[in-house]
1. Being under 25 Å from the mean Cα position of the chain (by Cα) and surrounded by fewer than 21 Cβ atoms within 10 Å (Cβ to Cβ), is that true of even one residue in segment A:168-182?
2. I'm trying to understand the selection: among the residues of segment A:292-323, which are under 24 Å from residue A:369 (Cβ atoms) and either within 14 Å of chain B (Cβ to nearest Cβ) or outside any strand (DSSP E or B) (or both)?
3. Being away from chain B (no Cβ under 14 Å) and within 27 Å of residue A:303 (Cα to Cα): is that true of residue A:178 here?
4. Can you spot a residue in segment A:93-105 that is crowded, with 20+ Cβ neighbours inside 10 Å, under 30 Å from residue A:165 (Cβ atoms) and either within 14 Å of chain B (Cβ to nearest Cβ) or in contact with a helix residue (DSSP H, G or I) (Cβ under 7 Å, 6 or more places away or on another chain) (or both)?
5. Considering segment B:150-177 alone, what residues qualify as being within 7 Å of chain A (Cβ to nearest Cβ) and in a helix (DSSP H, G or I)?
6. What are the pairs, 6+ residues apart or on separate chains, where a residue within segment B:119-146 that is at the interface with another protein chain (Cβ under 7 Å from one of its Cβ atoms) has its Cβ under 7 Å from a residue that is at pLDDT below 95 and surrounded by fewer than 18 Cβ atoms within 10 Å (Cβ to Cβ)?
7. Within segment A:261-278, is there a residue that is surrounded by fewer than 17 Cβ atoms within 10 Å (Cβ to Cβ), at pLDDT 95 or above and either within 12 Å of another protein chain (Cβ to nearest Cβ) or assigned to a loop (DSSP other than H, G, I, E, B) (or both)?
8. Scan segment A:367-382 for residues that are more than 11 Å from every other protein chain (Cβ to nearest Cβ), surrounded by fewer than 21 Cβ atoms within 10 Å (Cβ to Cβ) and modelled with pLDDT of 95 or more and report the count.
């Protein structure tokens, strides 16, 4: 169905992640009724539904890793579920390397597909359309591009993807390789792209998400390239074709980043095909990005971005928090499962289901190579901005100061462990987990022992990491809304600094 | 309980077309004595299963003064039933490794859970319990009313162009069924009462008005036995009167406009009312939409039109060649009643809607003055295949089967639709375009930036 027609109960219900090897934890007796337990806040438990107390213990299938002759590390997960293949290659191009021109890496990625030394933009896109394949060059983490402003493009790498039917994989690879090795950045296409981008920038200024995300980055990472979430009008006017070519030559190289391939292909074939397509791709090394994590901001502060005519206030509460490799990270995952991840968590139960302040509210930890922060966001009708903010902060205080009830903690841990089975449906998602293990240098058995690590977390651990990694006295609040209606009330939550919308 | 088993293995029932190599979904189709239609499809790839329950009620069934009610009701389905406490459903699903949600559109309301395979009883029990009866309180209605109103603000009232499609559809449809939006008006949401909720439940949430689809690592026989155990004794109700979806023929072009205080660029929307999506003409128009503007809407659980927009005729003309707009799209929707062929373009600062409208008109007219090329058609067809090959998860299949059965009374439509799409010819496109993409059947809608000095789009620096 066309999305504008459908209305869903809540947004962003991403299935948590991880086949084929599983066993049953716990024993026999299926459908034992759980012992009657106390209900907790925002929840009435009758304990009458039949629950299997077994948890499917899942072992992720392991990928094979090979190194191509040009040094590129290729992680391969073979799966013949469908006649399709998905390839991802990371390159060191990143908005963190934009220098004085915010958006340079974004512009370079956007221009890659718009011409090679032998093909026009139209020839490239028609060749792909003819075989029903997609090739993308994306700036930033995840799905490439700017991800709707929600995801900060700062994984420290840019991503090339190829998705195609097995029978067309060679042809798709050839198109990608021509672009990667022979991008020509045609001057006329660049001018047209700039023109379109000026309008897109104008459009982006209308989105509350864009406004709050760019403010969030500027607040949490004020002193370096991380503060820029995207191209600015000023840098758009400055960037030249030569800048693009220089960035391309320096950073679209096989230096230190990973490639992953999943789907209908055997490891030996994957290596042979990639050697043929991009064996000649050479370059590097590239200097490392040195952006260590700064400690949390010490003083509470409120940032107001006035957007006249708004009928809602978009609120984001945040502070710098924790690195992916920190031993406390697992405890933070459990704690946040109790606090704000998904519709069984406190924020959804209390702030949305009980109070009806918002359609969606959640909290999460961002822990990429260069971003490390906690954030919690919700959009509320202007009139309830104050009570909604007060009640959200109350939940932050509660998880910091009050021991989490056993049943709620056990539920959170079980959520993380049991949901592992669902990820097995999607080989690309399994591969993603192994890429993450490699990217952060996590132990080889990290995912094999994940369940045990989760189950070892105690209520005391939860309180300890909540005090340390959930901001309260030093919370940074970003409010995007009608300034005249909320300016005064925001002062109750800390000193207010107003930021203008361009 | 007894059952009326109509075990029908879905086989190829489309002898007209050459048999395609597209993957087919196999399933069993059973009807319990109380009227509940049960579809089971085994897929042993991963140790999970999905359950989708589609009720044959959508915003098309709402009465005047209660727009948005079908969706508001959907929220009430998560607030507790006889044996499941408030908030307990989500807690049980998530803490056992699953996830769930609900969606409402014009034609149906759908609920799902995905769970590890050892929790089959849990998913069935929870869905059966809330099909049997809800605990409806004023307090829960109140908090969900507020959550839904926030949803309307979030996706509509607080977004640039957020109210455009609602206003556009009011002009496309005369019959109240599709004339009003799924999300509904604030005024009507405020008017909804506990009695409305109770009555709505009794009328529409009966086993004989629902389809249950189960897909995944299941044993069909065992699963059907459990379905009978949990659902078999839920009493059937008097079937609701089907909504009348007929539309009087349009007698001329309609035009509308909206001043949007949150927008900064002008947007032009052009929509044609087209036949229901199950008709051959609708398949031809879906192909036309992809060739014209990139498509979308896709097949059941498919991946929409795919990112082919950059080769579409409108993109090449309006974005690349003339540089009048920043983006343009064209798609059709999938309704049981009359559908929409919808073109949308966002103008660059300083460009006029007249010029853009004229060029779009020329490109639409070209669809019936000359056949589309073999290459263009082949691109549509490979996208159909990609869509069919990408429908992999248990959830996407369960939802597709439940939707096809609930909305079109034909679960096998998940298989036959792709073949019907593959059968579309250049002549079909030409004929359908000539019949429906005509001025008298057209709505033209302009959304203009309104309000403060900061709007108006003159800052773009051309």
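1. Checked against the condition, which is being under 25 Å from the mean Cα position of the chain (by Cα) and surrounded by fewer than 21 Cβ atoms within 10 Å (Cβ to Cβ), segment A:168-182 yields no hits at all.
2. Those that are under 24 Å from residue A:369 (Cβ atoms) and either within 14 Å of chain B (Cβ to nearest Cβ) or outside any strand (DSSP E or B) (or both): A:292, A:293, A:294, A:295, A:296, A:297, A:321, A:322, A:323.
3. no
4. So far as segment A:93-105 goes, yes, one or more of its residues are crowded, with 20+ Cβ neighbours inside 10 Å, under 30 Å from residue A:165 (Cβ atoms) and either within 14 Å of chain B (Cβ to nearest Cβ) or in contact with a helix residue (DSSP H, G or I) (Cβ under 7 Å, 6 or more places away or on another chain) (or both).
5. B:150, B:151, B:153, B:154, B:157, B:165
6. B:121/A:31
7. Within segment A:261-278 (the criterion being surrounded by fewer than 17 Cβ atoms within 10 Å (Cβ to Cβ), at pLDDT 95 or above and either within 12 Å of another protein chain (Cβ to nearest Cβ) or assigned to a loop (DSSP other than H, G, I, E, B) (or both)), the answer is yes, since at least one residue qualifies.
8. Final tally of qualifying residues: 0.
The values are calculated or read from the model by the stated rules, or taken from the named source; none is laboratory data. None of the values given here were measured: they were computed from a predicted structure. Reconstructed Cβ throughout: ideal geometry from the backbone, glycine too, with neighbour counts over all protein chains shown.
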